[in-house]
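> Have a look at this one.
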Amino acid sequence: MSLSGLFDIGRSALFASQTGLYVTGHNIANVNTPGFNRQEVILETTTPIVTGAGFTGRGVRVAGIRRYFDRFIYNQIFFQSQKIGLTRTMSNIMTGIEETFNDLKGAGLSGALQEFYSAWQEVSSSPDLLPARNLLLTKADSFLRVAKEMEGAIKNTLNDIERQIKDSTEKINSLLKQIGDLNGKILQVESGLLSEKANDLRDQREEALKRLSELIDISYYEEDNGSVTVNHGTFALVERENVSMLSAPVERDGRRGVFINGQDITDTIRQGELGGLLSSRRDIENYQLFGLRRLVGSVIKEINLQHRQGYGLDGTTGVDFFTPVKLYLDNYSQGAVAEATITDMGQLTLDEYEITFASGNYTVRSIQTGNLVASGTYISGNPISFEGIEVTVTGSVLQDERIVISPLKNLIKDAEVAISDPLKIAASSSGSTIPLDNLNALRIVNLFESSLPELGDSTFFEYYNALVSTTGIMSRNAQDSLKFEENLMAELTRQRDALSGVNLDEEAVNLIKYQRAFEAGARIIKVADELLETILNI
Amino acid sequence: MTIYEQVKKGLQNSLEELSRRNEELATGKRILKPSDDITSSSRALGYKVEISIREQYMRNMATGDLQFEFTDNVLSSLSNTLLELRKLTISGVNPQDQQARLFNSQQARFLRDHLYELSNTRHLGRFIFSGMRTDREAFVYNPLTHTYEYQGDLGEMGLPLNSNSLVGINIPGSEVFSPVLRNSAPSSLSDGTSVIYTESKDPVTGVNTITIEIGDPMSAEHDVFTVTNIMDIANRLSYAWQYEDIDSSFIGETKAMHRIEALQSLIDDARTQVLEKQTELATRRQFLKDAEERTKNLLNTLKKSLSLSEDADLTEVAIEIQKAQTGLEALRISSIKLLSTSLLDFLK
């Protein structure tokens, strides 16, 4: 072996140490980069040569740079991210909604309802006095105002959810595109290479996948060529560089749906931020919004029914206290015209109904209970009657077309105190016993303490209390779930960081290690140079 | 999780805890939102509703009690006035003493007017003896018939004391001012002249019409007249002392003296009736007071339960704040030490 071989060994040592310093520097530089997996230089001896003394080493070579990455832990983090996205979104939204129903701080409807009840009591104890009657009108107005404010707050949250659904979809699309692009780059970089991996690109892609999984429930698998295929259910979102974008258009009912290639996937999204948004929207509509509307609807319906029976100080009777409950139609048929009227207010359950048409027949179901309340052969113009409601549909209907009837949809928005003259408050039970007769006012007072079938045999107060409790439970559950999932995620992250995270102390040791190796390598060259000089000086 | 993340999370948790405890101290409440403690918050909301309802009943009771007190004062005054009228009828006036008769007549008129005034007493703008028709005077004088007529009805307003019981807070004027016959009515006057009292009650107004027939129908001194209320009685007396009927027609001494004597028992009956109504009113008032006492006790229990459900133990909160502050301080100190030491510091 010649002296020049020593130079080669020194050079290989310098190169290896330099690569080690590069990788260490890269690790240190990315200490705070999300998703970065620490890397390590893989060194191996170069092929020795046979000399008279046997095999003689020829130095070192960089066999590759590997990243510390555990697919098993990553997959756990990946799926955990979906749950975190879901629970964090739900927790944020439900905590906000809970504030709307936070009667413990004096806000909320309970106080206004109590004052409205007390005002009726005042009228019942002084039915002939105008101050009590004026107070009642003011308190009735306050009750509706608070109800409107609460409905407004709930609607604002729902509108915000709609905006977030759009934003979330855009974020998903951006990440899908990013993953597709990274797929392309990885394919390009790793093409033709046997074992070398595009570590940093893979880190970026895995981070993008993790961020995507925080937004929507997806699954993925890596192809042999290094690209990943991302699916939502049976829908492929990314294949190699090809991406299927999501869209979230506003539908006919005013809500956004989520579509992929024209197919509605709204109901299939159950995890991630988008899952949380859709789930929260469903919960808030079904519980808080519907519950509030149902309570106010019940107050209006019951008080009107009783008020109409009584007599005002001016002798008038049959007068509504509030603007009466009316029906709102959402007609999703293309060719039919529909009209709905309330035929018997007493029978009104305050449920919402869906009329569907199929094979020349119609069925009417309560949306809340799912119960079939009417069915028959559809004949244009023939009234369909059920639970105090009569609907007349005229024209042709197509298969599976539907009409939704709601007594609650705009109820709070449209609700007003119907009378402005305090003399018209019907506290008396007869026109001949005015003004001290308070029987009708007492009957209205009793309504507040009566169990009502449309409120599940609860009183107004009990129903509202249950609504507040349900909201509290939903908020608590969301917070607890988030805490649980975050704890789990923290443990997984700890495991991942133990393996893949950058430890600055460790990197500092590596810095010294490679610096020293570099110095030693340089010394080899110096020694070789001195040896050569010695020889040349002979 | 890096050490930095751990420190950050630890600081966040400690600050959250401190902030929460501070809010508890500021508000004095253990539960700040329903999700803090679902069961307690639901109970607290229920208690608040119950308290609000009971407090309203307490206000009703205060209104009722005021009405009872006022009515009782009027009835006392009424009873005294009837006593004065009764004294007048037994004052032993010499029929020949015209001045004395005129004096009695005038006194009876004053008492009649006072009774009339009492019958139309107003409280909070309502005529308290008009039954349900409190917007109109209970009694009005009819100049055609020269009698006092009841304009009210038999209605009684029930004031709710709780969800199950009511108490009537008014007494219809007909039940107070329109006397009913009792056993004390005589069958003959002091001079042996027969007297017959008959009565008929109007079921709608409760007004009792008493017809008094004095003497033999064949006799020249035969007399028949009716009264429906104590103002009518006082009015008849006032005219009788002037030997006149209520339309100012002359009736003579005998008839007049008979009338005065015949009406005495009716005044007694009226006084008894007023006393009975006072007793009834006192019973109702006691019923109200009992209900008020029960409601007050219930309110105390409810308020105590509410406090247990939602109020914070301030001493405990203060200790917890101290603990949280100490914990936060310790975390800060240890974090500084942990974060400031790195091997990189030694690479100089």
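> Can you run down the residue pairs with Cβ atoms below 9 Å, 6 or more apart or on separate chains, where the first is in the stretch B:275-297 and of a type in the set (Ser, Thr, Tyr) and the partner is outside any helix (DSSP H, G or I)?
What qualifies is B:Thr295/B:Leu161; B:Thr295/B:Asn162.
> Looking at the stretch A:329-386, which of its residues are of a type in the set (Gly, Ala, Ser), open to solvent by less than 30 Å² (accessible area, probe 1.4 Å), within 20 Å of A:Leu411 (Cα to Cα) and without any contact (Cβ under 8 Å) to a residue 60 or more places away in the chain?
A:Ser366
> Looking at A:Gly233, A:Gly226, which is the one that is farther than 30 Å from A:Thr33 by Cα and at pLDDT below 95?
Testing whether each residue is farther than 30 Å from A:Thr33 by Cα and at pLDDT below 95 leaves just A:Gly233.
> Filter the stretch B:327-348 for residues that are loosely packed, with under 11 Cβ neighbours inside 10 Å and either more than 14 Å from chain A (Cβ to nearest Cβ) or modelled with pLDDT of 85 or more (or both); which is nearest to the chain's Cα centre (by Cα)?
Out of the qualifying residues, it is B:Ile333.
> Just to be sure I understand the filter: pairs with C-beta atoms under 7 Å, separated by 6 or more residues or on different chains, first member in the stretch A:504-530 and away from chain B (no Cβ under 14 Å), second member among the polar types (S, T, N, Q) and part of a helix (DSSP H, G or I). Which pairs pass?
A:Ala517/A:Ser17; A:Phe518/A:Ser17; A:Phe518/A:Gln18; A:Gly521/A:Ser17
> Here's a follow-up. Pull out all pairs, ordered by first then second residue, where Cβ-Cβ is under 8 Å, the residues are six or more apart or on different chains, the first lies in the stretch A:168-181 and is closer than 17 Å to A:Gln82 by Cα, and the second is open to solvent by 10 Å² or more (accessible area, probe 1.4 Å) and assigned to a helix (DSSP H, G or I).
A:Ser168/A:Glu273; A:Leu175/A:Arg211
> Report, by residue number, each residue of the stretch A:460-494 that is under 30 Å from A:Ser450 (Cα atoms) and at the interface with chain B (Cβ under 7 Å from one of its Cβ atoms).
A:Phe461, A:Asn465, A:Val468, A:Ser469, A:Thr471, A:Gly472, A:Ile473, A:Ser475
> A further question on this structure: Just give me the residues in the stretch B:55-79 being at the interface with chain A (Cβ under 9 Å from one of its Cβ atoms) and farther than 22 Å from A:Phe461 by Cβ, in sequence order.
B:Thr63, B:Gly64, listed by residue number.
> Among the candidates B:Thr205, B:Thr198, B:Thr193, B:Thr211, single out the residue that is touching a strand residue (DSSP E or B) at 6+ places or on another chain (Cβ under 7 Å) and under 22 Å from B:Lys277 (Cα atoms).
Unique residue meeting the criteria: B:Thr205.
> On to the next question. Residues to consider are A:Ile73, A:Ile97; find the one that is open to solvent by less than 40 Å² (accessible area, probe 1.4 Å), closer than 17 Å to A:Asn477 by Cβ and within 14 Å of chain B (Cβ to nearest Cβ).
A:Ile97 is the lone residue from the list that is open to solvent by less than 40 Å² (accessible area, probe 1.4 Å), closer than 17 Å to A:Asn477 by Cβ and within 14 Å of chain B (Cβ to nearest Cβ).
> Does A:Asp253 satisfy the condition of being assigned to a helix (DSSP H, G or I) and touching a Phe, Trp or Tyr at 6+ places or on another chain (Cβ under 9 Å)?
The answer is no for A:Asp253.
> Could I ask something else about it? Quick one: in the stretch A:300-322, of everything that is among the β-branched types (Val, Ile, Thr) and farther than 26 Å from A:Val364 by Cβ, which residue is surrounded by the most Cβ atoms within 10 Å (Cβ to Cβ)?
A:Ile303
> Can you confirm whether B:Ala282 is of a type in the set (Gly, Ala, Ser) and open to solvent by 30 Å² or more (accessible area, probe 1.4 Å)?
So B:Ala282 passes the test.
> When you check A:Gly456 against the structure, is it of a type outside the set (Lys, Arg), open to solvent by 30 Å² or more (accessible area, probe 1.4 Å) and either within 14 Å of another protein chain (Cβ to nearest Cβ) or closer than 30 Å to B:Gly64 by Cβ (or both), yes or no?
No.
> Could you tell me whether the stretch A:234-242 includes any residue that is touching a helix residue (DSSP H, G or I) at 6+ places or on another chain (Cβ under 6 Å), open to solvent by less than 10 Å² (accessible area, probe 1.4 Å) and either closer than 24 Å to A:Ser481 by Cβ or not basic (Lys, Arg) (or both)?
Yes; the residues of the stretch A:234-242 include at least one that is touching a helix residue (DSSP H, G or I) at 6+ places or on another chain (Cβ under 6 Å), open to solvent by less than 10 Å² (accessible area, probe 1.4 Å) and either closer than 24 Å to A:Ser481 by Cβ or not basic (Lys, Arg) (or both).
> Would you say B:Pro203 is closer than 30 Å to A:Asn438 by Cα, more than 20 Å from the chain's Cα centre (by Cα) and away from chain A (no Cβ under 14 Å)?
yes
> Would a scan of the stretch A:264-275 turn up a residue that is part of a strand (DSSP E or B) and more than 20 Å from the chain's Cα centre (by Cα)?
no
> While we're on this one: Are there any pairs with C-beta distances below 6 angstrom linking a residue in the stretch A:291-307 that is touching a residue at least 12 places away in the same chain (Cβ under 8 Å) to a residue that is open to solvent by 10 Å² or more (accessible area, probe 1.4 Å) and among the acidic types (Asp, Glu), with the two at least 6 apart or on different chains, and if so which?
A:Ser298/A:Glu454; A:Asn304/A:Asp320
> Here are B:Ser52, B:Ser42: which of them is at the interface with chain A (Cβ under 9 Å from one of its Cβ atoms), within 30 Å of A:Asn487 (Cα to Cα) and assigned to a helix (DSSP H, G or I)?
Exactly one residue qualifies, and that residue is B:Ser42.
> Go through the stretch A:387-428 and give me each residue that's of a type outside the set (A, V, I, L, M, F, W, C), open to solvent by 40 Å² or more (accessible area, probe 1.4 Å) and under 30 Å from B:Gly125 (Cα atoms).
Within the stretch A:387-428, A:Ser420, A:Asp421, A:Lys424 meet the criteria.
> Within the stretch B:8-28, is even one residue under 30 Å from A:Pro34 (Cα atoms), within 12 Å of chain A (Cβ to nearest Cβ), surrounded by fewer than 19 Cβ atoms within 10 Å (Cβ to Cβ) and in contact (Cβ under 8 Å) with a residue 12 or more places away in the chain?
yes
> May I ask you to verify whether A:Ala498 is under 30 Å from the mean Cα position of the chain (by Cα) and either part of a helix (DSSP H, G or I) or at the interface with chain B (Cβ under 8 Å from one of its Cβ atoms) (or both)?
no
> In the stretch A:116-150, what residues are open to solvent by 10 Å² or more (accessible area, probe 1.4 Å), touching a residue at least 24 places away in the same chain (Cβ under 8 Å) and within 8 Å of chain B (Cβ to nearest Cβ)?
The answer is A:Asp128, and nothing else.
The values are calculated or read from the model by the stated rules, or taken from the named source; none is laboratory data. Since this is a predicted model, take the numbers as computed values, not measurements. A quick note on method: Cβ atoms are made from the backbone with ideal geometry, for glycine too, and the neighbour counts reach across all protein chains shown. When the accessible area is computed, the model is the full protein with side chains, heavy atoms only, and any ligands, DNA or RNA have been set aside. Shrake-Rupley method; radii C 1.70, N 1.55, O 1.52, S 1.80 Å.
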